[in-house]
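Asker: Here's a structure for you.
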Amino acid sequence: MKYKIRKGLDLHLKGEAMPEMEALPIPQLCHVCPTDFRWLKPKVLVAAGDSVTVGTPLFVDKNDERVTFVSPISGIVKEVVRGEKRVVECITIEVDTSAEPIMPVLFDDDDNAGSHKETLLRYGLWPCLRQRPYSTIPNPDRKPKALFVSCFDSAPLAPDYPILLKEREADFAEGLRILKRVVGPDVPIHLTLRDGADNRFFEAAQNVEFHYFAGPHPAGTVGPQIHRIAPLDKGETVWYISPADVCRIGRLFASHLLGFEKCFALTGPAATHSRYYTTFYGADISDVLNMQTIGDNVRKISGNVLTGKKIDGFSTLRFYDHQVTLLKENSEREFIGWLLPGFKKWSFSHTFTAWLTRNKKFDFSTSQHGDHRNFVMTDIYDKVFPFNAVLPLELLKACLTHDIEKMEELGIYEVDSEDFALCEVVCPSKTDCQKIIEDGLKEVKEA
């Protein structure tokens, strides 16, 4: 099945990663952050001074203690960092640089859903799965309407999945087989691909349904894909997982090897040499960021410029990210900037002449070019919001007024915060649309 996303926006940034792969040396520190998982309430199982290996449980979810989060590397727990109200922000591990980052593990090879779920829960791979609505870790006892594997990313400077997953076809096939057992034979697995791209890696998969998407961002995000293929009603859930995590699950069951290696693309206008790197989840990457950064006043982002999170305090990628973006910090107001022709300035409304140069790449910074102001009643969100049955402005207003009934009526279960990232980009009021939607989803979930 083919789909065409017509409403959206491609941001052409400088700093695309070259298809070069470099293995980073094993760092001295590893940072495992419970804050990587939305609304998680962790129960810590380790203390400073404890020895851990790959797969040692670090904390569990207080709401379901079967959901375990394990150490991605061997070493000694250095510190359990707590923030306001004693919220666990990070577990820092001093890495044993002589230990192998991939560990053999033992478990029964019973080929049934219950055994597979238990193995994924025990070895910390169940959090690889997320669900819509809410983008939280799913309940192991529930059954989804469908499982989605989005096999391309349309975000600015997004990494190329065939490079991330090079030579892992067998692991990917085995991971899909295990996931099919977990969700059940009557639950479809949907693989979403970019129409016209080289999809040979993914098209070799069996017992799945293929869907091809074309158009601008967010064609490669799971929200619009679910909206068109398996739209959600109240009480329904859809699970989704990244191809890299499918490979990780496949290797565990095929070879009894547990590892949390991570391949990521270093991108952005403030990067000296954008390329791909391999390391492991939680690894401290401060050395490579400092070495590959142009200047000192740079914002380091785990993820893309639209939905990523600022790397601040703990220099590591979030659990679900495969990209680091570097942008120049800029908070200065430009004098009569709107009167200048703007040959190098991007504008959604074609205010500057640079839009005449097709596919021109821009040197974006962190400047918002204005301050927050009151909501402006406009249809500008509709030009970049690809959900046919959702009214973005009205839904944002319902979230701000805490009208749960109206939120449900307007389709709150269909969307997530990342689906409103482009609304923030074009918003004349500089409104934090993603935070409003996330707060609305939390209010609905707790109601």
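Asker: Within region 379-392, is there a residue that is over 22 Å from the mean Cα position of the chain (by Cα), farther than 23 Å from GLN225 by Cβ and of a type in the set (Val, Ile, Thr)?
Answerer: Of region 379-392, the ones over 22 Å from the mean Cα position of the chain (by Cα) are 379-383, 388-391.
Filter once more, so that each one left must be farther than 23 Å from GLN225 by Cβ: 379-380.
Within this subset, residues satisfying the condition of being of a type in the set (Val, Ile, Thr) are 380.
Checking region 379-392: at least one residue is over 22 Å from the mean Cα position of the chain (by Cα), farther than 23 Å from GLN225 by Cβ and of a type in the set (Val, Ile, Thr).
Asker: Okay, next question. Being among the acidic types (Asp, Glu) and in contact with a Pro (Cβ under 8 Å, 6 or more places away or on another chain) is the filter here; which residues of region 360-408 pass it?
Answerer: Here is the first cut: in region 360-408, the residues among the acidic types (Asp, Glu) are 363, 371, 379, 382, 394, 403, 405, 408.
Across region 360-408, the qualifying residues are ASP363, ASP382.
Asker: I would also like to ask the following. So which residues in region 367-414 are in a loop (DSSP other than H, G, I, E, B), hydroxyl-bearing (Ser, Thr, Tyr) and within 28 Å of GLY235 (Cα to Cα), if there are any at all? Spell out the reasoning first.
Answerer: First, pick out the residues of region 367-414 that are in a loop (DSSP other than H, G, I, E, B): 367-380, 384-391, 401-403, 410-411.
From what is left, the residues that are hydroxyl-bearing (Ser, Thr, Tyr) are 367, 378, 401.
Residue satisfying the conditions is THR401 alone.
Asker: Look through HIS190, HIS273, HIS256 and report the one residue that is touching a residue at least 12 places away in the same chain (Cβ under 8 Å) and either under 20 Å from the mean Cα position of the chain (by Cα) or surrounded by 19 or more Cβ atoms within 10 Å (Cβ to Cβ) (or both). Steps first, please.
Answerer: Values: HIS273 fails: either under 20 Å from the mean Cα position of the chain (by Cα) or surrounded by 19 or more Cβ atoms within 10 Å (Cβ to Cβ) (or both); HIS256 fails: either under 20 Å from the mean Cα position of the chain (by Cα) or surrounded by 19 or more Cβ atoms within 10 Å (Cβ to Cβ) (or both).
The unique qualifying residue is HIS190.
Asker: Just to check your reading of the model, which residue among ALA230, ALA205 is over 24 Å from GLU169 (Cβ atoms) and open to solvent by less than 20 Å² (accessible area, probe 1.4 Å)?
Answerer: Values: ALA205 fails: over 24 Å from GLU169 (Cβ atoms).
Only one candidate passes the filter, namely ALA230.
Asker: Quick one: which residue in GLU424, GLU418, GLU443 is more than 19 Å from ASN304 (Cα to Cα), assigned to a helix (DSSP H, G or I) and open to solvent by 10 Å² or more (accessible area, probe 1.4 Å)?
Answerer: On the way: GLU424 fails: more than 19 Å from ASN304 (Cα to Cα); GLU418 fails: more than 19 Å from ASN304 (Cα to Cα).
None of the other options fit; the residue is GLU443.
Asker: Continuing with the same structure: Which one of the conditions (1) part of a loop (DSSP other than H, G, I, E, B); (2) among the charged types (D, E, K, R); (3) closer than 30 Å to VAL88 by Cβ; (4) open to solvent by 60 Å² or more (accessible area, probe 1.4 Å) does ARG6 fail to meet, given that it meets all the rest?
Answerer: (3)
Asker: Could you pull out every one of the strands (runs of 3 or more DSSP E) wholly within region 190-287 that has 1 or more residues that are hydroxyl-bearing (Ser, Thr, Tyr), under 28 Å from PRO138 (Cα atoms) and modelled with pLDDT of 95 or more? I'd like the intermediate steps shown before the answer.
Answerer: On the way: elements: 209-214, 238-241, 257-259, 261-267, 275-280.
Strands (runs of 3 or more DSSP E) meeting the threshold: 209-214, 238-241, 275-280.
Asker: Still on this model: Do you know which residues across region 11-32 are in contact with a Gly (Cβ under 7 Å, 6 or more places away or on another chain), within 28 Å of LEU129 (Cα to Cα) and either surrounded by fewer than 16 Cβ atoms within 10 Å (Cβ to Cβ) or of a type outside the set (Val, Ile, Thr) (or both)?
Answerer: Matches in region 11-32: CYS30, HIS31.
Asker: Would you mention how many residues in region 76-89 are part of a strand (DSSP E or B) and surrounded by fewer than 21 Cβ atoms within 10 Å (Cβ to Cβ)?
Answerer: The initial filter retains those residues of region 76-89 that are part of a strand (DSSP E or B), namely 76-82, 88-89.
From what's left, surrounded by fewer than 21 Cβ atoms within 10 Å (Cβ to Cβ): 76, 78-82, 88-89.
Adding up the residues that qualify gives 8.
Asker: Related question: Just give me the residues in region 288-317 being touching a helix residue (DSSP H, G or I) at 6+ places or on another chain (Cβ under 8 Å) and not in a loop (DSSP other than H, G, I, E, B), in sequence order.
Answerer: LYS300 - this is the single residue of region 288-317 that is touching a helix residue (DSSP H, G or I) at 6+ places or on another chain (Cβ under 8 Å) and not in a loop (DSSP other than H, G, I, E, B).
Asker: Any residue at all in region 95-102 that's over 30 Å from VAL425 (Cβ atoms), at pLDDT 95 or above, in contact with a Ser or Thr (Cβ under 7 Å, 6 or more places away or on another chain) and surrounded by 15 or more Cβ atoms within 10 Å (Cβ to Cβ)?
Answerer: The answer is yes, given that some residue of region 95-102 is over 30 Å from VAL425 (Cβ atoms), at pLDDT 95 or above, in contact with a Ser or Thr (Cβ under 7 Å, 6 or more places away or on another chain) and surrounded by 15 or more Cβ atoms within 10 Å (Cβ to Cβ).
Asker: Is it the case that some residue within region 33-43 is open to solvent by 20 Å² or more (accessible area, probe 1.4 Å), part of a loop (DSSP other than H, G, I, E, B), out of contact with any Ser or Thr (no Cβ under 9 Å at 6 or more places or on another chain) and hydrophobic (A, V, I, L, M, F, W, C)?
Answerer: Step one: list which residues in region 33-43 are open to solvent by 20 Å² or more (accessible area, probe 1.4 Å), which gives 35-36, 38-43.
Add one more test, that the residue is part of a loop (DSSP other than H, G, I, E, B), and what stays is 38-41.
With out of contact with any Ser or Thr (no Cβ under 9 Å at 6 or more places or on another chain) added as a condition, the list becomes 41.
Filter once more, so that each one left must be hydrophobic (A, V, I, L, M, F, W, C): none.
The answer is no, given that none of the residues of region 33-43 is open to solvent by 20 Å² or more (accessible area, probe 1.4 Å), part of a loop (DSSP other than H, G, I, E, B), out of contact with any Ser or Thr (no Cβ under 9 Å at 6 or more places or on another chain) and hydrophobic (A, V, I, L, M, F, W, C).
Asker: Could you check region 117-130 and list, in sequence order, the residues that are surrounded by fewer than 19 Cβ atoms within 10 Å (Cβ to Cβ) and not hydrophobic (A, V, I, L, M, F, W, C)? Before you say what the answer is, go through the steps one by one.
Answerer: Going residue by residue through region 117-130, those that are surrounded by fewer than 19 Cβ atoms within 10 Å (Cβ to Cβ) are 117-118, 121-122.
The answer is LYS117, GLU118, ARG122.
Asker: Restricting attention to region 290-323, report how many residues are farther than 20 Å from PRO159 by Cα and of a type outside the set (S, T, N, Q). Please lay out each step first, then the result.
Answerer: Let us first name the residues in region 290-323 that are farther than 20 Å from PRO159 by Cα, namely 290-291, 294-298, 312-314.
From what's left, of a type outside the set (S, T, N, Q): 291, 294-296, 298, 312-314.
The number of residues fulfilling the criteria is 8.
The values are calculated or read from the model by the stated rules, or taken from the named source; none is laboratory data. Given the structure is predicted, the values throughout are model-derived calculations rather than measurements. Here the Cβ is made from the backbone with ideal geometry for all residues, glycine too, and neighbour counts use every protein chain on show. The accessibility values were calculated without ligands, DNA or RNA, using every heavy atom of the protein model including side chains. Shrake-Rupley method; radii C 1.70, N 1.55, O 1.52, S 1.80 Å.
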